[in-house]
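The values are calculated or read from the model by the stated rules, or taken from the named source; none is laboratory data. Only a predicted model underlies this, so the values are computations on that prediction, with no experimental measurement involved. Counting neighbours? That spans all protein chains shown, and the Cβs are built from the backbone with ideal geometry, glycine included. Protein only, heavy atoms only, side chains kept; ligands, DNA and RNA dropped before computing areas. Shrake-Rupley method; radii C 1.70, N 1.55, O 1.52, S 1.80 Å.
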Amino acid sequence: MTVTWEELGWERLRPGAGRCRLPGWDCTAGLVYGADAALLIDAGASPREGAFLAERARALAGRPVTHLVLTHPHFDHVFGMAAFGGAEVFGAAGMAAALTGPGARAELRADAVRHGLPEADAAEAARSLTAPGRSVTGELALDLGGGVRALLVHAGPGHTAHDLAVLVPGDPAVVFCGDLVEESGAPQAGPDAVPPRWPGALDRLLALGGEDALYVPGHGAVVGAAFVRDQRDALAARFGVSA
């Protein structure tokens, strides 16, 4: 029996591509699938969210998730990764140390608890973190079969030092931005942000997708190029970066 994106509470963006807005932190998880493979963008904020995403992605794609992209190393985007043990995992260069280096698990666990994740869930997720098997420097193209392709782009630094975006070419093109773009609130710049480089990262996203693409933020509603451009200008003003 075929299910629709809407029946599962997901937003269809184009054939074979959509996203889910998860409750709690309003994080986006994206799904792109072709004839041979299924790519999930971000893993959710807890083991429970990861299991939910794995089940729903399988129902939509007709197969388990084969590729998992982690857009950046924050708990609300990576703490569900244990549900994807059979998938090939991709992260930007340097992501491995940010997830599993000395003190990294403890720092992510503490951050999750500060933001309201139950201690037991945070501890379980932190223990389960593994380094991405594939490190992306520059760009990496994936063929998902049936003419569906995805381009992984190390678009940062900006929100973090390890920001990875995903372009799905087509009509319309879809750009999964991670937290380089946020719609449901002002972009969050924590201690691991690289503010002077953030506006340039949004320039790279705009160059990737162009004027007619759908831009999928890490938090909030899908936006167009004008929104991304306005957020780029606001970040430049906020951080004192010249145009």
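Inside segment 186-217, residues that are surrounded by fewer than 20 Cβ atoms within 10 Å (Cβ to Cβ) and part of a helix (DSSP H, G or I) make up a count of 8.
Of the listed requirements (1) touching a Phe, Trp or Tyr at 6+ places or on another chain (Cβ under 6 Å); (2) without any contact (Cβ under 8 Å) to a residue 12 or more places away in the chain, Pro195 misses just one: (2). Here's a check for you: in segment 171-185, which residue that is farther than 19 Å from Asp230 by Cα and modelled with pLDDT of 95 or more is most open to solvent (accessible area, probe 1.4 Å)? In this case the residue turns out to be Pro172. Of everything in segment 218-231 that is out of contact with any Phe, Trp or Tyr (no Cβ under 8 Å at 6 or more places or on another chain) and touching a residue at least 24 places away in the same chain (Cβ under 8 Å), the residue that is most open to solvent (accessible area, probe 1.4 Å) is Arg229.
For every residue, the table says whether it meets (1) over 12 Å from the mean Cα position of the chain (by Cα); (2) not aliphatic (A, V, I, L, M).
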{"residue": "Ser46", "(1), (2)": "yes, yes"}
{"residue": "Glu55", "(1), (2)": "yes, yes"}
{"residue": "Phe75", "(1), (2)": "no, yes"}
{"residue": "Phe84", "(1), (2)": "yes, yes"}
{"residue": "Glu88", "(1), (2)": "yes, yes"}
{"residue": "Leu99", "(1), (2)": "yes, no"}
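Looking at Val153, Val166, which is the one that is under 14 Å from the mean Cα position of the chain (by Cα), open to solvent by less than 40 Å² (accessible area, probe 1.4 Å) and under 27 Å from Arg48 (Cα atoms)? Of Val153, Val166, the one residue that is under 14 Å from the mean Cα position of the chain (by Cα), open to solvent by less than 40 Å² (accessible area, probe 1.4 Å) and under 27 Å from Arg48 (Cα atoms) is Val166.
Only one of Gly85, Gly50 is surrounded by fewer than 22 Cβ atoms within 10 Å (Cβ to Cβ) and not β-branched (Val, Ile, Thr). Can you tell me which?
Gly85
Among residues of segment 1-26 being within 15 Å of the chain's Cα centre (by Cα) and open to solvent by 70 Å² or more (accessible area, probe 1.4 Å), the one that is nearest to Ala45 (Cα to Cα) is Trp25. Looking only at residues in segment 57-73 that are over 12 Å from the mean Cα position of the chain (by Cα) and of a type in the set (Val, Ile, Thr), the one that is nearest to His219 (Cα to Cα) is Val65. Go through the residues of segment 234-243 one by one and say whether even a single one is open to solvent by less than 60 Å² (accessible area, probe 1.4 Å) and under 28 Å from Val65 (Cβ atoms). No, that holds for no residue.
Residue selection: Arg63 fails the criterion of being in contact with a strand residue (DSSP E or B) (Cβ under 9 Å, 6 or more places away or on another chain), farther than 16 Å from Gly80 by Cβ, charged (D, E, K, R) and touching a residue at least 60 places away in the same chain (Cβ under 8 Å).
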